[in-house]
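None of the figures in this text is laboratory data; all of them are computed from the coordinates on show. Since we're looking at a predicted model, the values are computed, not measured. Glycine gets a Cβ as well: all are built from the backbone with ideal geometry, and neighbour counts include every protein chain shown.
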Amino acid sequence: MNTYEVKDIKLAPSGAQKIAWVRDHMPLLRAIEDQMSTLPAGERPLAGVRLSLSIHMEAKTAYFCQVLTAAGAQVHATGCNVLSTQDDVAAALAASGVTVFAVHGASDADYLRHLVMCLEHKPNIVIDDGGDLINILHTSRPELAEEVWGGCEETTTGIHRLKALQAEGLLRFAMVAVNDARMKHLFDNRYGTGQSTWDSIMRNTNLIVASKTVVVAGYGWCGRGIALRAAALGAQVIVTEFDAIKAIEARMDGYAIMPMTEAAKLGDIFITATGCKDIITTEHMQLMKDNVLLCNAGHFNLEVDVAGLAALAVSRHEARKNIEAFVLPNGKRINIIAEGKLVNIAAADGHPAEIMDLSFAVQYHSVLYLLENRGSLEPRVIDVSKEIDDRISKEVLKAWGAEIDVLSPEQAEYLSSWKV
């Protein structure tokens, strides 16, 4: 019997239905699972390997955990955001035999406890989303890192933290920057975040996007995707940025650019996607129009100052499920979706299954890379190899039944030569 801590194990049938649905739409992971079924247990590539995962506990993640288990791994899983955990999915994953510690809406203390419980089997490989497991292994519980060979990080925020650890000479083991793989950020961050953010906003508000002014804070890959989808839905888009080059790119892509102090006066919907903190402050909120919508598509809920807004407001109430309205002293209302937490997963279902199929395929092959190179990797942030990117891209085209051109030997020689 595996151990678990979930809301109610009796919710498992509903979660199993969700997992079955995404399985049908994740051909890369399904091919791995099918391959594992042909191998004896002892010959599976992750046989006996202990894995700890802190990622959004919803259907695509659950299926990924099941595929890792099918490959022989001993998986301990928890969430990376208490609002993104789906209790029926956590129950279904536990019922399938995976060790799970995750409850929707858990307190900060319980969330931290679940992270530690996820690490207590002393993992060999860590898969993180935002850096919470890595933080524990480098601060409060370093003894749990004694048998770690390496890990993977799939968010921009998490990689920033890893590079800061590395710069100070404190990183204890190699970490693969999964987020920086082309087969991850070009699709997950741009198309996944773009679609899932607007899916959440539209299903939670039931309001039209066309004709509105949308302010997108940050023009990284996530911001690009959000702005692209906003424009496609008929919105007027304003981009705010700290990076001059990204601001120029946004302008050339057809969007207005300006500081947040100016954009605050014009926007109807505000979406942060910077990975930084204090992007929308109470100073900005007091400049906004009545009844605006604010939400965050960055990993942590530090981009919108919800605590400051709560202190400033004269009253607050639930305007709609997942939306809280704050009334300012001037009578204007500010609506916050999902408490300022990651809107596309805290108040919706996250990225489309096909997108997460690509990202989790990168994760899987990165785990194999760590296994194959254990003991020889320096404690630093390492890139996903070109070979992994190329392999996954070819598998995607195969799954689509699509073909592309192939370079002839003469063309390949021409591209690699300096001679005319």
Taking placed amide H atoms and a strict 5 Å upper bound, the residues 5 or more places from Phe270 or on another chain that come that close are Val215, Leu293, Leu294, Cys295
Neighbours of Asp129 by Cβ distance under 9 Å: Lys/Arg at +1, Asp/Glu at -1, summed charge -4
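Which percent, nearest 5, of DSSP beta bridges in the chain are antiparallel?
Taking every DSSP beta bridge within the chain, about 20 percent pair in antiparallel fashion.
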A student applying the Cα gyration tensor rule (rounded when a/c is under 1.5; otherwise prolate if a/b is larger than b/c, oblate if not) would label region 1-130 oblate
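Between Asp108 and Glu403, what is the FRET efficiency for a Förster distance of 56 Å, r being their Cβ-Cβ separation, to the nearest 0.05?
0.65
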Heads up, region 128-240 by the C-alpha gyration tensor (a ≥ b ≥ c square roots of eigenvalues; a/c under 1.5 rounded, else a/b over b/c prolate, else oblate) looks prolate
Listed by chain and number, the residues whose amide H is under 5 Å from that of Thr85, excluding neighbours fewer than 5 places away on the same chain and using placed H, are Met57, Gly105
Full extension between Ala307 and Met202 adds, at 0.36 nm per residue less the Cα distance, a length in nm of 35.3 nm
Dimensionless Rg/Rh of region 68-173, both radii on Cα and Rh by Kirkwood, sits at 0.96
Within region 67-105, the residues whose backbone N lies under 16 Å from a label point placed 7 Å from the Cα of Glu43 along the Cα-to-Cβ direction are 71-72
Between the modelled labels at Asp34 and Arg320 (7 Å from Cα along Cα→Cβ) the distance in nm is 4.1
With x for Gly and Pro, the residue-by-residue ³J(HN,Hα) of region 265-279, computed from phi through the Karplus equation 6.51 cos²θ - 1.76 cosθ + 1.60 at θ = phi - 60° and given in whole Hz, is 6, 10, x, 9, 10, 10, 10, 9, 8, 10, x, 10, 10, 6, 7
Residue-normalised 222 nm signal for the chain, counting each DSSP H run of n ≥ 4 as -39,500 (n - 2.57), nearest 500 deg cm²/dmol, is -12000 deg cm²/dmol
Applying the gyration tensor rule to the Cα atoms of region 251-356 (axes a ≥ b ≥ c; rounded if a/c under 1.5, else prolate if a/b exceeds b/c, else oblate), the class is oblate
Computed ³J(HN,Hα) along region 184-200: with the Karplus parameters 6.51/-1.76/1.60, θ = phi - 60°, integer Hz and x for glycine or proline, the list is 9, 6, 5, 10, 4, 5, 8, 6, x, 5, x, 6, 5, 5, 6, 4, 5
Distance in Å, no decimals, from the C-alpha centre of region 129-172 to the one of region 193-237 is 32
Under the 7 Å Cα-to-Cβ spin-label approximation, Lys332 and Thr261 lie apart by a distance in nanometres of 1.5
Phi angles of region 389-396, converted by Karplus (6.51 cos²θ - 1.76 cosθ + 1.60, θ = phi - 60°) into ³J(HN,Hα) in whole Hz with x for Gly and Pro, give 4, 5, 4, 5, 4, 5, 5, 5
In nm, the gap between the two label points placed 7 Å beyond Cα toward Cβ at Leu170 and Arg141 is 1.8
